[in-house]
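Data first, discussion second: the structure below is written as structure tokens.
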Amino acid sequence: MSTRTITGNLAADPEVVPAGSILITKIRVIENTGEYRAGTWQAHEAPTTHFVEARFELGENVAATLHKGDPVVVVGREHTETWGDPEARRSGRVLQADVVGPDLNRAVAQVRRTRTPDTDE
């Protein structure tokens, strides 16, 4: 599985959903894509929507920190997921996040460390 990095804005507030015995935080990242042609930036007609899932502490921190419209950077592993009724199966690409953070090219942030049980701080 390859690692992928994306940047963009959150399309909506993070959504926390139960998945068995854990909670998964789901976000949608909208990326305005384009390319240079003959030295001029040509934006694509429609932005790309990325579906991202964050688990455990990362998911908790994403849900507590980020909001609709926030610029973000996401690093993770992409896989195909299938859902729906057997007669109308659908599939799409999902990025399993390893790292999520604000894009400091387009925002400022104040960092507050989370406390872990095995530290004295």
> Which residues, taken from the range 11-40, are assigned to a loop (DSSP other than H, G, I, E, B) and either over 12 Å from Arg55 (Cβ atoms) or of a type outside the set (S, T, N, Q) (or both)?
Replying inline: Ala11, Ala12, Asp13, Pro14, Gly20, Asn32, Thr33, Ala38, Gly39
> How about the range 1-10: which of its residues are outside any strand (DSSP E or B) and aliphatic (A, V, I, L, M)?
Replying inline: Met1
>> What's the number of the only condition in (1) of a type in the set (Asp, Glu); (2) surrounded by fewer than 16 Cβ atoms within 10 Å (Cβ to Cβ); (3) outside any helix (DSSP H, G or I) that Glu57 fails to meet?
In response: (3)
>> Of all residues being of a type in the set (Gly, Ala, Ser) and without any contact (Cβ under 8 Å) to a residue 60 or more places away in the chain in the range 60-70, which is surrounded by the fewest Cβ atoms within 10 Å (Cβ to Cβ)? Just the residue, please.
In response: Ala64
> Which is surrounded by 12 or more Cβ atoms within 10 Å (Cβ to Cβ), hydroxyl-bearing (Ser, Thr, Tyr) and more than 16 Å from Glu15 (Cα to Cα), of Thr48, Thr116, Thr82?
Replying inline: Thr48
> Considering the range 45-54 alone, what residues qualify as being of a type in the set (Asp, Glu) and part of a strand (DSSP E or B)?
Replying inline: Glu53
>> Tally up the residues in the range 63-99 that are closer than 10 Å to Thr5 by Cα and small (Gly, Ala, Ser), please.
In response: 2
>> Of everything in the range 16-47, what is in contact with a strand residue (DSSP E or B) (Cβ under 9 Å, 6 or more places away or on another chain), modelled with pLDDT of 90 or more and of a type in the set (Ser, Thr, Tyr)? Give them in sequence order.
In response: Thr25
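The values are calculated or read from the model by the stated rules, or taken from the named source; none is laboratory data. Just so it is clear, the structure is predicted and the values come from calculations on it, not from any experiment. Glycine gets a Cβ as well: all are built from the backbone with ideal geometry, and neighbour counts include every protein chain shown.
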